[in-house]
1. Hey, rough spin-label estimate for VAL90 and LEU31, points 7 angstrom out along Cα→Cβ, what's it come to in nanometres?
2. Before anything else, pin down the relative contact order of the chain: Cα pairs under 8 Å, at least 6 apart, normalised by residue count, whole percent.
3. Which of the listed residues, PHE69, SER25, LEU56, is farthest toward the dipole's positive end in the chain, when Lys, Arg count +1 and Asp, Glu count -1 at the beta-carbon?
4. Sort 53-60, 68-75, 26-33 by the packing proxy (mean of other Cβ within 10 Å over each peptide's residues), most packed first.
5. In units of 2.2 N^0.38 Å, what is the alpha-carbon radius of gyration of the stretch 10-98?
6. Tell me the mean residue ellipticity at 222 nm calculated for the chain from its helices only (DSSP H runs of n ≥ 4, each -39500 (n - 2.57), averaged over every residue, nearest 500).
7. Read phi for every residue in the stretch 39-48 and hand back ³J(HN,Hα) as whole Hz from Karplus 6.51 cos²θ - 1.76 cosθ + 1.60, θ = phi - 60°, with x for Gly and Pro.
8. In degrees, nearest 10, range 0 to 90: what is the angle between the Cα axis of helix 10-36 and the longest Cα principal axis of the chain?
Amino acid sequence: MDVVYYSYPVDAILYMYLGATAVVSLIIGLLVWRLSKRRDVGFWTTLVLSFVGLSLALVWFQNASVAVFMGTLPWLINLVFSLLLYGLFVGIIYVTFRPRKLDRVK
């Protein structure tokens with residue numbers, strides 16, 4: 001039974017891209033919130049930027065996984081896990097940008 005080693009770990013690079021996308025989109029969303037003083041604008045900016053980054057990362061992953069002959073099941077597992085991580089990120093940015101009770105009082 002042989003162990004197959006890929007020429008480079010495309011799944012690890014995918015998660016690095018997703019992490020970088022999350023950090024960059026969150027920072028830009030927080031800056032937009034600070035400049036516009038509106039939480040909803042910051043939320044939607046973060047959501048759109050992170051979705052664009054997710055889409056670009058998944059397109060890259062599809063092409064890279066074909067190049068290293070990744071099997072269908074590992075490809076599918078990485079795809080589903082990426083979408084679960086994106087759902088978790090959307091929950092985190094919702095909690096970050098949701099209106100607080102103190103904001104309604106002012």
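Every read-out reported here was derived from the displayed coordinates using simple, explicitly stated rules and does not represent laboratory data. Computed from a prediction, not measured in an experiment: that's the story for all the values here. A quick note on method: Cβ atoms are made from the backbone with ideal geometry, for glycine too, and the neighbour counts reach across all protein chains shown.
1. Going by the 7 Å Cα→Cβ label model, 2.5 nm.
2. Reported relative contact order: 33 percent.
3. SER25
4. 26-33, 53-60, 68-75
5. Values: Rg = 14.6 Å, N = 89, 2.2 N^0.38 = 12.1 Å.
Working it through for the stretch 10-98, the quotient is 1.20.
6. Values: 4 runs with 87 residues, N = 106.
One gets -28500 deg cm²/dmol as the mean residue ellipticity at 222 nm.
7. Calculated HN-Hα couplings, in order: 5, 5, 5, x, 4, 5, 4, 5, 5, 5 Hz.
8. That works out to roughly 10 degrees.
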